[in-house]
Structures are given as structure tokens and as C-alpha cells.
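Q: My questions all concern the structure below.
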Amino acid sequence: MEGDDLAVQSLISSYRAGTRTPLSTAEAVAKQTAGFDSTFLQLEPATELQTRCREIESAQAEGAGALHGVPFAVKDNIDVAGRPTTAACPAFQYTPEAHAPCVQALLDQGAVFIGKTNMDQFAAGLVGTRSPYGTPPNAFDDRFVPGGSSSGSAAAVAAGLVSFALGTDTAGSGRVPAGLNGCVGIKPTLGTITTTGVVPAAASFDCVTVFARSVPDAALAVKIMQGAGSLSDPRWRRPPPDLPSIPQPHFRFGVPSAEFLDFSGPRGSLAEAEYAKAMQHAVDRLTRLGGQQVPVDFGPFLKVASLLYESGLIAERYHGILDFLTAGKGAASTPEAVAQDDRLERVTAAILANGAKCSGADVYEGLTQLHNLKAVTRLELDKVDILMVPTVLHHYTVAEIEQEEKGPAEVAWTQNAKQGRFTNFVNLLDMCGVSLPSSLVTLPPLSQLDKPEAGASAESLHLPFGVTLLAPAWHDEALWKVAELYHKSTGLGCGPNGHGVTPVHARLPSAAPA
């Protein structure tokens, strides 16, 4: 199945016309997922798919659900009943008895679960390489990282393997992979989708996200899941009676000024100029859609972004899986013990160890800084209706990330941190966002590869450039309208096929460990 075959309305229309059935779609999808071992950690057995599709088809006479027969995938930190949840850590694995409410809501509307997707371990990363199950292949060029932590979910959508997929987002994990794989990623307002049944990363700032082929497809899944919350859920939030709007057709928007747009990286000055040109084209496009650019100081936003990993707020990542870290270790939950925990990826262990070092005073200092910066950023946000930022600043290869994070004795993650420059502040400031394909960038060829397998292209690279539209909490539906207009104006679809690019397959998918 290719192109728009997996678009939600296209599927449902074909079912109504009798040209396809949920079972024929599921079987075609299952056939295509074969070999994507580092994208999918688990796939539904054929017998389970057949049973599920027959149930849906038999219930159609009573009224089809909004996602009747639509195939979807779930990031492996979200519970699916009877299927292991690993959060990309084999030692953490458990099998839940119940679906996460967000998953149940989708199933109730007729969606067909295809499998669990790979991720950066414990959702700590924006690169997609931090998993013992391998790196999911980037849909455009598998020499490049797919982004994280929802790497498998975005890659599966962009490769045309499922109609939509669930991710999570704490620091940008529902946006960065969308940008690097050329698909849509919606990150809703915090608390609007219940996180019950989701392994916490930093629970105060976690949210469930959707990757899809288009804004309407992603928005439909988000709205269905938003109905699954309840007042018994401590983090679920009821929307206000009157949702805020964004002026149409004229609105104000802000973008980072030149001093904050550091597009430098391993691709050199030609690539840096190409990224800058793509960003300017995005600004011009939003202007043509009715936007008026207004100067905004991004300095305070970047200070907020740094708090997520460089202040006492990081303690929440450690606290979220404290029981696992101490299980079988007695009282050995010291930073040193966490850093040396062989159940964890090295970089994950280093991040969690930093959380273990924090005192209560450190946490409150981080919260105080956040509250003070919120006041400053409110003044900047009051100037505009929307912020537009590049989703990421650079495309890194798998080799470049692994050289920094897996090679040296002392682990570093400066490249991963750069991926989060314009994502880390969003949940801390209680904002909503949509990551969108914007254009293609043409970059110089790779001169060296860690493993130059047959099929690696020596020609110029053609990779997606994405932008993210951001707005304060509860502006979700208003933002989706602008995002849909923007995406349509680009003429781009989803993934390499929707961008008119032939994907490069130079690395073999890694097999999951036994």
C-alpha cells in the first residue's frame, strides 16, 4: 500500500465502496511490516488480526466507528492488554491486563492494532538510537537517525506501514521524529489525553501524541483519545467552556531570530545555508497564509528548555522508574549505581544518574526558575498568536550520534541536546504544537559512512525540513486549522513518497535481542 491508500478517509471510503475490507488492509500492512524488526518490537499475529477484523466487519451493520478498520501502531511505553510493555528495556518488561485508556478509545472506534514500536529507552532521547533493539530506519535515508524518543512510530507512519501511530512527548518526542521522517505530529495540550497506562518519563510533563499522514487524520485520533479521561485521573484536565481562537485570516507569529538559529553541523556551510533558506521559505509561506511576523525574544524560551535536563526537574525522570531502579539492587540507588546499571543503555543510565543526584532543594530551585521564566515568556507570547520554529536544526547520521554517545568512556549527548533546542520548553510552558513537513533540503553527499554498505548513495542528500507551530494551552483546534492550511500549501504528502524522494536503504534493520 502506498501514498494516500492509508489515509483515514481514503480507507473508510474504500470500505464503504466494497473495494477493500479491514482484513485485506490489515493483511497488506502485515506483509509490508515484515523485516522492520527495529521499527516494530512486536507485531500482532495473523490470527489475532483476522479475529479483530472479523469483529469489526460484523459490527459494521450496527454503525462503523470513526476509525473503522484503520491500522495503527503504539509506542512501547503505552499499554496494550496482553502485549508486553518494555519501554525499550528488556529487564523492565511487564504484560498489562488492560489497555491504556487512550488505546481503548481508539479500539472502541474500530481501529486495528498492528504492533508496538521501538523507542529511545524510557523515552529519554531525541535521536532514536538509544534502544537495545536497534535503530528504526529513517524513512528517507536509514543512514540518518529517525529522531526520538517515538522513533518507531514516526518511521512506521512515514514508511507507509500504518495510518497513524501513538507516541509520547516530554521534551519533543512527538515532534522531532515527525520532522525527521516527513510526517505530521500533533502534541496536544498537557493533560487533555490521559497518561494512565503510560510508563512515565517525567510525569508532570508527559503527554500522548499522534503521528499521521495529515493534520485531519492526527486530529481525529487526538479528539477520540481526549474523550477517554476522567476526574479520577489526577493529571487529566477538562477543557474550558470556551476554547480560545486564533484570528483568521490574519494572525501574528514569531520566529527565532538569527542568533538562535544555529544550523551548523557535520554537513558543513553549504548545508547550513540550505537550512537557513528552508526556514526563510517557511516564514514566507506563513506570511502568505495571512500571518504577520512580529519580533519575539527567544532567549527566555531557551532558558526554559535548559531546565528540563540541566536543573532539579530532571529528578522526576529518576523518580518515575525508581521502583525498577531499586528492584533487585537493595538500597543501591545511588547516582553511581544508576550510572553503572547494566540493564540500561549507557546514555540513559547517565541521564537517570543525574536525576538521582538531585536534592529536594534542587527540585524546588528548578521549579522556582521555571515559574519566574514563565512570567517572562508570557510577555513574549502576548505579542503573538503563534510561534513557528524549525522542528530540528540538523540531520545527524546514526554513526555521528553513536560516536558521541556509545564510543567514548565518558558519555556525552550534545547533538541530541541540539535537537531539543526548540522542543524542550514546550511542555514546561504548557503549550500545544503541530510538527509539519515544510520543504526538502538538498545537502552535500556523505563523504564517509561507518559501514558503507551496497546501495548507499554518493549523490546529494534529499531530506525533509519540518517546522512546528506552537500556541498556548487549549489553542489546539485553532492551531490545527492553521497547520492544515500550511501543510496543504506545501504540496507535500507523508514520508519520502509524499515528498517525491526515493528512499535510501543502506543499513539493514537490526534484529531484536533474544
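The values are calculated or read from the model by the stated rules, or taken from the named source; none is laboratory data. What you see is a predicted model; the values in this text were computed from it and never measured. Glycine gets a Cβ as well: all are built from the backbone with ideal geometry, and neighbour counts include every protein chain shown. When the accessible area is computed, the model is the full protein with side chains, heavy atoms only, and any ligands, DNA or RNA have been set aside. Shrake-Rupley method; radii C 1.70, N 1.55, O 1.52, S 1.80 Å.
Q: Please report, ordered by residue number, the strands (runs of 3 or more DSSP E) entirely within segment 88-196 with at least 3 residues that are buried (at least 24 other Cβ atoms within 10 Å of the Cβ) and out of contact with any Cys (no Cβ under 8 Å at 6 or more places or on another chain).
A: It comes to 112-117, 164-169.
Q: Would you pick out the residues in segment 73-102 that are closer than 21 Å to Glu27 by Cα and among the β-branched types (Val, Ile, Thr)?
A: Val74, Val80
Q: For the structure I just gave you, tell me whether Ala218 is of a type outside the set (Val, Ile, Thr), open to solvent by less than 70 Å² (accessible area, probe 1.4 Å) and under 24 Å from the mean Cα position of the chain (by Cα).
A: The answer is yes for Ala218.
Q: Sticking with this structure for a sec: Filter segment 9-56 for residues that are of a type in the set (Gly, Ala, Ser), assigned to a helix (DSSP H, G or I) and either within 17 Å of Ala159 (Cα to Cα) or in contact with a strand residue (DSSP E or B) (Cβ under 7 Å, 6 or more places away or on another chain) (or both) and give the result.
A: Ala26, Ala28, Ala30
Q: Step by step: first the residues of segment 361-402, then only those that are touching a Gly at 6+ places or on another chain (Cβ under 8 Å) and assigned to a helix (DSSP H, G or I), then the one that is surrounded by the fewest Cβ atoms within 10 Å (Cβ to Cβ). Which residue is that?
A: Here the residue is Ala361.
Q: Ala28 - would you say it is closer than 22 Å to Gly495 by Cβ, surrounded by fewer than 20 Cβ atoms within 10 Å (Cβ to Cβ), in contact (Cβ under 8 Å) with a residue 24 or more places away in the chain and aliphatic (A, V, I, L, M)?
A: When the stated conditions are applied, Ala28 passes them.
Q: Restricting the search to segment 116-164, which residues are in contact with a Ser or Thr (Cβ under 9 Å, 6 or more places away or on another chain) and at positive phi?
A: Listed by number, the residues that qualify are Phe122, Ala123, Gly125, Gly128, Gly134, Gly147.
Q: I've got another one for you. What are the residues in segment 403-419 that are open to solvent by less than 50 Å² (accessible area, probe 1.4 Å) and among the acidic types (Asp, Glu), if any?
A: The answer is Glu404, Glu405.
Q: Here's something else I'd like to know. So, in segment 95-116, how many residues would count as being touching a residue at least 40 places away in the same chain (Cβ under 8 Å) and over 19 Å from the mean Cα position of the chain (by Cα)?
A: Number of matching residues: 11.
Q: Inside segment 3-25, can you point out the residues that are under 22 Å from the mean Cα position of the chain (by Cα) and either open to solvent by 60 Å² or more (accessible area, probe 1.4 Å) or of a type outside the set (A, V, I, L, M) (or both)?
A: Within segment 3-25, Gly3, Asp4 meet the criteria.
Q: Test Gly355 against the criterion of being free of Cβ contacts under 8 Å to residues at least 60 places away in the same chain, open to solvent by less than 20 Å² (accessible area, probe 1.4 Å) and not charged (D, E, K, R), and give yes or no.
A: Criteria met by Gly355.
Q: Spot the failing condition for Thr326; the list is (1) modelled with pLDDT of 95 or more; (2) surrounded by fewer than 16 Cβ atoms within 10 Å (Cβ to Cβ), and only one is missed.
A: Single failed check for Thr326: (1).
Q: Of the residues Ser232, Ser214, only one is of a type in the set (Gly, Ala, Ser) and over 26 Å from Val8 (Cβ atoms); which?
A: The match here is Ser232.
Q: Continuing with the same structure: Could you run through segment 372-412 and say how many residues are out of contact with any strand residue (DSSP E or B) (no Cβ under 9 Å at 6 or more places or on another chain) and closer than 17 Å to Gly466 by Cα?
A: 2
Q: Any residue at all in segment 57-78 that is in contact with a helix residue (DSSP H, G or I) (Cβ under 7 Å, 6 or more places away or on another chain), open to solvent by 50 Å² or more (accessible area, probe 1.4 Å) and either modelled with pLDDT under 95 or part of a helix (DSSP H, G or I) (or both)?
A: yes
Q: With the requirement that a residue be at pLDDT 95 or above and either open to solvent by 40 Å² or more (accessible area, probe 1.4 Å) or in contact with a Cys (Cβ under 7 Å, 6 or more places away or on another chain) (or both), what does segment 47-56 give you?
A: Scanning segment 47-56 gives Thr47, Glu48, Gln50, Thr51, Arg52.
Q: Something else: Output the residues belonging to segment 161-184 that are closer than 20 Å to Val112 by Cα and of a type in the set (Gly, Ala, Ser).
A: Within segment 161-184, Ser163, Ala165, Gly167 meet the criteria.
Residue-by-condition table, conditions (1) outside any loop (DSSP other than H, G, I, E, B); (2) out of contact with any helix residue (DSSP H, G or I) (no Cβ under 9 Å at 6 or more places or on another chain); (3) basic (Lys, Arg); (4) modelled with pLDDT of 90 or more:
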{"residue": "Gly433", "(1), (2), (3), (4)": "yes, no, no, yes"}
{"residue": "Val441", "(1), (2), (3), (4)": "yes, no, no, yes"}
{"residue": "Lys451", "(1), (2), (3), (4)": "no, no, yes, no"}
{"residue": "Gly455", "(1), (2), (3), (4)": "no, yes, no, no"}
{"residue": "Pro464", "(1), (2), (3), (4)": "yes, no, no, yes"}
{"residue": "Leu469", "(1), (2), (3), (4)": "yes, no, no, yes"}
